[in-house]
Each structure stands twice: as structure tokens, then as C-alpha cells.
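Working notes, beginning with the structure itself.
The values are calculated or read from the model by the stated rules, or taken from the named source; none is laboratory data. The shown structure was predicted, so the numbers you read here are calculated from the model rather than taken from an experiment. Here the Cβ is made from the backbone with ideal geometry for all residues, glycine too, and neighbour counts use every protein chain on show. Ligands, DNA and RNA are excluded from the accessible area calculation, which covers all protein heavy atoms including side chains. Shrake-Rupley method; radii C 1.70, N 1.55, O 1.52, S 1.80 Å.
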Amino acid sequence: MTRTIAVTIILIVLTAGATVPCPAQTNAELFSYLKQDVKLTQDQIDAVGKGEAVAKNLESRIPDEVILFGVIYVNATPESYVKAAYDFDRLRKLPNYLALEKFSSPPQLSDLKGFALDSQDIKDLKDCKPEHCNLQIPASTIAEVHQSINWSDPNAEQQVNQLGQKKALEHLLDYQQKGNQALGVYNDKHDPTQAAAQFKYMLSYAKVLPKALPDYYNYLLEYPDGKPANVENMFYWEKVKFGLKPTLRMVQVVTMQGKTPHEPAYTIAEKQLFASHYFETALDLTYCIRSDDPKQPGFYLIMVMGSEQAGLTGFKGSIVRSHAVGRGASNLQKSLTTIKSTLEMSQKSSAGGNQ
């Protein structure tokens with residue numbers, strides 16, 4: 001997973017859709033893309049050629065939008081990255097993760113054991129009103145909480161989390177049937193967030209994606225319709241430390257394995273379906289593009305990360321945004337370097353053990 005690996009270093013993960021590479025038939029075409037579309041400098045392109053990580057902030061269209069781009073050459077197989085990205089047992093041991101669980105197929109209520117708000121969030125939920133709430137939830141859920149929870153009961157927190165698990169399962173099942181229209185509306189702030197419309201707007205940043213991977217692009221918008229044969233879906237939930245508050249999230253992972261040498265070996269999207277804090281809409285895009293250089297038989301790992309977040313406007317918001325954007329590229333660069341080191345060390349160990 002793009003974000004779950006990167007979160008080991010990134011202090012505030014910035015996830016969302018952004019400009020996407022055309023599938024490179026040759027290294028030359030990939031480097032041309034980096035220069036012409038991503039606007040890397042020649043020094044940055046030379047650094048990529050030497051195996052160094054390069055990351056930058058991409059220009060955003062609105063203040064709420066934060067977008068990062070990163071690339072690095074990894075002397076390992078694309079399959080090793082995919083295996084590491086989905087190693088839940090390893091990820092659970094990382095300090096950023098408070099809980100992490102894959103959903104069954106079909107999802108079950110038992111999958112959500114541990115999906116729970118902290119005491120402070122529950123206290124905030126008690127005082128929630130539409131347009132004034134410290135959690136990102138629909139107005140209908142706020143009303144249901146107020147109607148069904150007995151706040152004087154000593155087990156009120158348990159009631160809240162049981163209701164939250166039930167609503168989370170309903171939300172996921174509804175999404176699996178209806179797609180983006182089931183993402184709903186956040187009514188926690190004065191201006192409601194239409195999640196489906198916001199997600200579509202984020203994907204519109206990907207100017208070259210329809211030319212590169214039209215079926216994949218359309219599937220991200222039209223899910224569950226139009227599923228390509230070489231695409232797999234997986235759903236998981238997590239409780240992670242992004243910033244000041246632990247955050248509950250539900251995520252869809254859409255993995256496409258390339259069918260021809262002209263396509264990326266793997267294309268992975270991590271699409272946020274719900275977050276209790278910070279990210280109104282979010283998408284990670286990862287591309288594993290095999291090298292055509294026999295002297296470098298590994299792959300180029302490209303990550304596009306960003307988000308649309310509340311609270312990035314106004315005086316205080318501009319300070320938060322400046323801090324996030326200022327550190328984002330540096331943290332992503334460090335994350336890519338760590339991924340490269342980890343995968344290459346594992347590759348060497350495997351090669352040594354087979355001798």
C-alpha cells in the first residue's frame with residue numbers, strides 16, 4: 001500500500017489523486033514524462049537515473065488540495081513491492097498503527113472488532129451538531145447517535161462504538177453496491193462536503209490518465225461497474241496516528257497487473273471511503289514500471305499522494321498548509337529511500353539464500 005508504507009516516515013500522510021504517468025515503453029519515455037509532465041529539473045532527472053529518490057509538491061488548484069509526487073529506481077522485482085505493501089502482519093507492528101484489519105469477502109460485522117473511537121472523540125460526538133462537529137460524519141449519523149445513545153449509561157462508549165461499527169459496515173456494503181454515490185456527505189462543517197463530487201474533481205487532475213489507462217481510470221469512477229479482468233479489489237480499515245488525533249479510516253485498494261510490456265507492471269490505487277478526521281477525500285496512486293535497461297533490471301516506483309482537507313484556508317489554515325506542503329516532499333523522499341533500501345536488502349538476502 002502506498003500510504004501504509006510511507007506512513008512509517010511521513011508525519012502527516014497526504015493522500016489524493018494527481019497527475020499520472022503514461023505507461024512507459026522505454027526508460028527514455030519515462031524520463032521524458034518526468035521532464036515534460038512532472039516538470040522535474042535536469043538535475044532531478046539525473047538523480048533518478050542514479051537511483052536517488054526525488055519528490056516534489058505539485059501545483060494545486062484550490063487551497064484544500066495538497067499533492068505530492070515521488071519517484072525512485074528500485075533494484076528488486078515489482079512483485080516484492082506488492083508483497084510488502086500487503087503484509088498486514090508487518091504493518092501492525094509499526095508505531096503509527098493502532099489497529100489494522102482486512103475486510104472479509106463479503107464484509108462481516110466481526111471484521112470491525114477494534115474499530116473504535118477514543119474517549120475524547122466520543123465526548124466530542126455527544127456535542128456534535130450539523131455544521132459544528134469535531135468528527136467528519138453525515139448529519140443523519142449525528143441524529144442517529146443522539147437518538148439511540150443513552151449518554152447516562154456507564155456503557156455509553158460501548159454503545160457508540162457498536163453503533164459506529166454497524167454504520168461502517170452499512171457504509172461499505174452500500175458502497176460495494178452503488179459505488180461513489182454511496183460516499184455520502186460530511187455535514188461537520190458549515191459547507192457540506194459532497195464526497196463523490198470531490199473525488200471526481202480530484203481525479204480530473206490526472207490529465208494524462210485517460211490516454212494511459214482508460215479502463216482503469218473509468219473503473220475508479222464507475223465502480224462497481226466496468227471492472228477490468230486484470231483488476232483485484234481489497235478493502236481494509238485502520239486506526240492510525242496521522243497528527244494530533246487518532247484517525248479511523250476505511251480504504252479500498254484497486255490493483256491492476258499489467259497485461260503487456262507497454263503497461264506498468266502494477267498500478268495500485270488506495271481510495272479512502274471514510275475518515276473520522278483530516279481527510280475529506282483521499283487517493284493514493286502507485287505505479288511499478290519495469291526498467292528496460294539490462295544493467296538495471298529492477299523497476300521505477302512512482303507515487304502520487306495528496307488529499308483534499310478541511311482547515312487549510314484562512315490565517316491558521318494557511319500556516320497548517322505551509323507546514324504540511326513544506327515538509328511533505330522531504331518526507332516522501334525519505335520514505336521512498338527507505339522502501340528502496342528495504343526491498344533491495346530483502347532481494348539480496350533472497351539471492352544469497354538461493355545460492
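Pairs only if they're at least six apart or on different chains, beta carbon under 9 angstrom, first in the stretch 213-234 and basic (K, R), second at pLDDT 90 or above; list them, first residue then second.
K227/Y219; K227/N233
Kindly list the number of the only condition in (1) at pLDDT 90 or above; (2) buried (at least 21 other Cβ atoms within 10 Å of the Cβ); (3) within 30 Å of S105 (Cα to Cα) that fails for T255.
With respect to (1) at pLDDT 90 or above; (2) buried (at least 21 other Cβ atoms within 10 Å of the Cβ); (3) within 30 Å of S105 (Cα to Cα), T255 is out only on (2).
Suppose the filter is crowded, with 16+ Cβ neighbours inside 10 Å and assigned to a helix (DSSP H, G or I); does D89 pass it? Show your work before the answer.
On the way: crowded, with 16+ Cβ neighbours inside 10 Å: no; assigned to a helix (DSSP H, G or I): yes.
No.
Taking the stretch 149-171 as the search range and keeping residues that are among the small types (G, A, S) and over 27 Å from Q252 (Cα atoms), which one is most open to solvent (accessible area, probe 1.4 Å)? Write out each step before concluding.
Taking the stretch 149-171 and keeping what is among the small types (G, A, S), we get 152, 156, 164, 168.
Still in the list and also over 27 Å from Q252 (Cα atoms): 152, 156.
Working: S152: 103, A156: 10 Å².
Here the residue is S152.
Within the stretch 214-252, which residues are hydrophobic (A, V, I, L, M, F, W, C), modelled with pLDDT under 95, within 16 Å of the chain's Cα centre (by Cα) and closer than 19 Å to I137 by Cα?
V240, F242
Return the total of residues in the stretch 111-122 being open to solvent by 30 Å² or more (accessible area, probe 1.4 Å) and in a loop (DSSP other than H, G, I, E, B). Write out each step before concluding.
The initial filter retains those residues of the stretch 111-122 that are open to solvent by 30 Å² or more (accessible area, probe 1.4 Å), namely 113-114, 117-120.
Checking the rest, the ones that are also in a loop (DSSP other than H, G, I, E, B) come to 113-114, 117-118.
Total meeting the criteria: 4.
May I ask you to list the residues in the stretch 125-157 that are in a loop (DSSP other than H, G, I, E, B) and among the polar types (S, T, N, Q)?
At the first step, the residues of the stretch 125-157 found to be in a loop (DSSP other than H, G, I, E, B) are 127-128, 130-131, 133-138, 149-155.
If the condition is that a residue be in a loop (DSSP other than H, G, I, E, B) and among the polar types (S, T, N, Q), then N134, Q136, N150, S152, N155 are the ones that fit.
Can you name every residue in the stretch 61-71 that is closer than 30 Å to A28 by Cα and either surrounded by 23 or more Cβ atoms within 10 Å (Cβ to Cβ) or among the hydroxyl-bearing types (S, T, Y) (or both)?
Quick first cut of the stretch 61-71, residues closer than 30 Å to A28 by Cα only: 61, 66-71.
Residues satisfying the conditions are V66, I67, L68, F69, G70, V71.
Go over the candidates I72, I45, I12 one by one and state the one that is of a type outside the set (G, A, S) and modelled with pLDDT under 85. Let's see the steps before the verdict.
On the way: I72 fails: modelled with pLDDT under 85; I45 fails: modelled with pLDDT under 85.
After ruling out the rest, the residue left standing is I12.
For the stretch 305-323, does any single residue satisfy the condition of being under 26 Å from A28 (Cα atoms), open to solvent by less than 10 Å² (accessible area, probe 1.4 Å) and at pLDDT 90 or above? Write out each step before concluding.
Filtering the stretch 305-323 down to residues under 26 Å from A28 (Cα atoms) leaves 305.
Applying the additional criterion that residues be open to solvent by less than 10 Å² (accessible area, probe 1.4 Å) yields 305.
Of the ones still in play, those that are also at pLDDT 90 or above are none.
No, the stretch 305-323 contains no residue that is under 26 Å from A28 (Cα atoms), open to solvent by less than 10 Å² (accessible area, probe 1.4 Å) and at pLDDT 90 or above.
Here's a check for you: in the stretch 280-304, which residue that is out of contact with any helix residue (DSSP H, G or I) (no Cβ under 8 Å at 6 or more places or on another chain) and either surrounded by fewer than 17 Cβ atoms within 10 Å (Cβ to Cβ) or more than 30 Å from E79 (Cα to Cα) (or both) is modelled with the highest pLDDT?
P297
Every residue, every condition in (1) farther than 14 Å from K167 by Cβ; (2) in contact with a His (Cβ under 7 Å, 6 or more places away or on another chain); (3) without any contact (Cβ under 8 Å) to a residue 40 or more places away in the chain; (4) open to solvent by less than 80 Å² (accessible area, probe 1.4 Å), yes or no:
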{"site": "K93", "(1), (2), (3), (4)": "yes, no, yes, no"}
{"site": "F103", "(1), (2), (3), (4)": "yes, no, no, yes"}
{"site": "P106", "(1), (2), (3), (4)": "yes, no, no, no"}
{"site": "L109", "(1), (2), (3), (4)": "no, no, no, no"}
{"site": "D124", "(1), (2), (3), (4)": "yes, no, yes, yes"}
{"site": "C133", "(1), (2), (3), (4)": "yes, no, no, yes"}
{"site": "E144", "(1), (2), (3), (4)": "no, no, yes, yes"}
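How about the stretch 171-185: which of its residues are touching a Pro at 6+ places or on another chain (Cβ under 9 Å) and either among the aliphatic types (A, V, I, L, M) or part of a strand (DSSP E or B) (or both)? Please lay out each step first, then the result.
Narrowing the stretch 171-185 to residues touching a Pro at 6+ places or on another chain (Cβ under 9 Å): 172-173, 175-179, 184-185.
Of everything in the stretch 171-185, those that are touching a Pro at 6+ places or on another chain (Cβ under 9 Å) and either among the aliphatic types (A, V, I, L, M) or part of a strand (DSSP E or B) (or both) turn out to be L172, L173, V185.
Considering only the stretch 172-199, how many residues are open to solvent by 40 Å² or more (accessible area, probe 1.4 Å) and modelled with pLDDT of 70 or more?
Counting residues in the stretch 172-199 that are open to solvent by 40 Å² or more (accessible area, probe 1.4 Å) and modelled with pLDDT of 70 or more gives 7.
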